[in-house]
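The values are calculated or read from the model by the stated rules, or taken from the named source; none is laboratory data. No experiment lies behind these values; they were computed from the predicted model shown. No Cβ is skipped: glycine too gets one built from the backbone with ideal geometry, and neighbour counts run over all protein chains shown. Ligands, DNA and RNA are excluded from the accessible area calculation, which covers all protein heavy atoms including side chains. Shrake-Rupley method; radii C 1.70, N 1.55, O 1.52, S 1.80 Å.
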Amino acid sequence: MSFIATPQSMHFPEALPLQSGASIRDYHLAFETYGTLNADKSNAVLVCHALNASHHVAGVYEGQPKSEGWWDNMIGPGKPVDTNRFFVIGVNNLGSCFGSTGPMHAHPDTGEIYGADFPVVTVEDWVNAQARLLDRLGIAQLAAVLGGSLGGMQALSWTLQHPERMRHAVVVASAPNLTAENIAFNEVARRAIVTDPDFHGGHFYRHGVIPKRGLRIARMIGHITYLSDDVMNEKFGRQLRHQVLEKAPLGGSDDAPAQSVGAYLYSTQDIEFQIESYLRYQGDKFSEYFDANTYLLITRALDYFDPARAHANNLTLALARAQAKFLLVSFTTDWRFSPQRSREIVKALLDNRRRVSYAEIDAPHGHDAFLLDDARYMSVMRSYFDSIAKEFA
């Protein structure tokens with residue numbers, strides 16, 4: 001059973017130095033909290049979000065059916081991250097389009113909408129902004145930082161930037177950096193956006209338009225990478241859309257009824273296959289609520305994250321600073337952030353004699369598996385957070 005979540009916002013007038021050398025001031029961070037902070041403030045868990053998620057991690061909004069948070073199956077009363085025991089904080093990152101200050105907001109110096117002038121932000125910048133939020137909430141040390149995908153990168157970065165402020169890092173379906181293939185996917189998506197005639201160099205707000213075409217294509221590319229080949233084939237196969245079957249029935253036989261086969265339309269423009277229809281639907285939906293500049297910023301933050309870069313690409317040296325205990329989880333069919341990438345982190349931590357638990361879940365769902373219900377995955381998470389709860393019980 002879910003609970004009512006209430007979004008909050010915190011204003012930060014002071015400048016936040018950014019990794020690029022720029023800074024941002026007079027910004028807001030949107031966040032939500034679930035559960036109760038205990039007397040010695042030792043039960044706080046920070047949840048970091050991935051590309052298109054937000055601070056709305058769990059629960060529902062009052063009067064808004066079907067408004068569950070993006071990790072509502074994981075977090076809540078009696079769930080693996082049990083809010084009867086933990087005080088959970090979900091925070092929306094700078095540059096997002098879901099409440100925290102982003103490119104669609106006004107620059108405090110000029111009063112003009114930032115647009116393409118919003119400063120480039122990195123995973124490290126987000127972590128420093130999150131640390132400031134914790135300062136305001138009076139939380140000196142977190143019981144854990146938890147994140148999946150890009151959120152896992154933030155959890156990993158927390159262990160390096162603020163090692164004394166956390167006891168556990170839970171890194172799910174993530175990686176120590178992006179492969180060339182992943183950067184390539186991001187670049188194709190970005191090019192789709194910036195070459196949309198409605199993009200206007202990132203200042204499309206001034207023109208009252210949205211580069212929806214580019215956003216649609218970017219989302220379609222993303223969706224292809226989030227699913228495994230097996231799941232995509234099982235879900236869609238080579239099925240044709242019902243409209244195609246109605247327009248061009250093949251005839252049928254005892255072995256192949258007409259309604260399940262159909263003929264092709266022999267068109268290069270029509271949507272004929274179910275997978276095409278699915279991708280178009282996802283792209284259309286995404287273009288209605290996501291911001292084009294935010295997409296550029298977040299994918300670039302993914303590209304830049306690489307803690308080993310400052311250590312001659314030696315991940316063991318990079319993670320020597322970490323003090324936390326770790327749980328890493330990966331999924332066998334996740335080809336975007338494959339188990340091999342998690343094993344690289346595990347090895348580097350073991351080289352540093354850090355305490356690490358690692359679960360490699362045999363799941364068919366690809367990268368999206370980290371958001372889904374899988375009994376073994378949920379059991380691993382529940383068991384780990386049960387052990388954390390015993391530390392402050």
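Whole-Hz ³J(HN,Hα) for each residue in region 359-373, computed from phi via Karplus 6.51 cos²θ - 1.76 cosθ + 1.60 with θ = phi - 60°, x for glycine and proline: what do you get?
Ordered by residue, 3J(HN,Hα) equals 10, 10, 8, 7, 10, x, 8, x, 4, 5, 4, 5, 9, 9, 7 Hz.
Specify which labelled value, from [x] 32, 25, 22; [y] 36, 29, 17; [z] 36, 27, 21, agrees with semi-axes √(5λ) of the Cα gyration tensor in Å derived from the coordinates of the model shown.
Identified label for the calculated read-out: [z].
Leaving out ligands, DNA and RNA but keeping every protein chain, what accessible area does H200 have, in Å² rounded to the nearest 10, with a 1.4 Å probe?
For H200, the solvent-accessible surface is approximately 80 Å².
Per residue, how many Å² of accessible area does the chain show with a 1.4 Å probe?
Values: 17380 Å² over 393 residues.
Accessible area per residue, the chain: 44 Å².
How would you classify region 332-393 from its alpha-carbon gyration tensor, with a ≥ b ≥ c the square roots of the eigenvalues: rounded for a/c under 1.5, else prolate if a/b is greater than b/c, otherwise oblate? Numbers along the way, then the final one.
Values: a/c = 3.11, a/b = 1.16, b/c = 2.69.
Taking the square roots of the gyration eigenvalues as a ≥ b ≥ c, region 332-393 is oblate.
Where the centroid of each part is defined by its Cα atoms, how far is region 135-153 from region 291-329 in Å?
15
When only DSSP loop residues count, what GluC sites (Glu not before Pro) in region 91-187 have their Cβ near at most 10 other Cβ atoms within 10 Å?
Here no loop site has a sparse enough neighbourhood.
Rounded to the nearest 10 degrees, what's the angle between the helix 339-351 long axis and the longest principal axis of the chain, both from Cα atoms, 0 to 90?
On a 0 to 90 degree scale, this one is about 20.
Enumerate the calculated ³J(HN,Hα) couplings along region 28-34 in order (Karplus 6.51 cos²θ - 1.76 cosθ + 1.60, θ = phi - 60°), each rounded to whole Hz, writing x wherever the residue is Gly or Pro.
Per-residue couplings from phi come out as 10, 10, 8, 7, 9, 10, 9 Hz.
HN-Hα J couplings of region 135-148 from phi, Karplus 6.51/-1.76/1.60, θ = phi - 60°, integer Hz, Gly and Pro as x?
4, 5, 7, x, 9, 7, 9, 8, 5, 7, 10, 10, x, x
Give me the percent relative contact order of region 75-146, please, defined on Cα pairs under 8 angstrom at least 6 residues apart.
Values: 50 pairs, mean separation 11.4, N = 72.
About 16 percent, as a whole number.
Would you calculate a helix-derived [θ] at 222 nm for the chain, using -39,500 (n - 2.57) for each DSSP H run of n ≥ 4 and dividing by the full residue count, to the nearest 500? Walk me through the numbers before you get to the answer.
Values: 12 runs with 138 residues, N = 393.
Result for the chain, helices only: -11000 deg cm²/dmol.
How would region 179-334 be classified by its alpha-carbon gyration tensor: rounded, prolate or oblate, with rounded meaning a/c under 1.5 and the a/b versus b/c comparison settling the rest?
Oblate.
Pop out the carbon and sulfur fraction of the accessible area of the chain as a percent, whole number, probe 1.4 Å. Kindly include the intermediate steps, with their values, before the conclusion.
On the way: 8880 of 17380 Å².
After summing per-atom areas, the C and S share lands at 51 percent.
Quick check: from the Cα gyration tensor, does region 45-177 come out rounded (a/c under 1.5), prolate or oblate? Could the numbers behind the result be given before it?
Working: a/c = 1.77, a/b = 1.26, b/c = 1.41.
Because a/c hits 1.5 or more and a/b fails to exceed b/c, region 45-177 counts as oblate.
Relative contact order, percent, of the chain when contacts are C-alpha pairs under 8 Å separated by at least 6 residues? Don't jump to the answer; show the numbers that get you there.
Numbers: 786 pairs, mean separation 66.7, N = 393.
It rounds to 17 percent for the chain.
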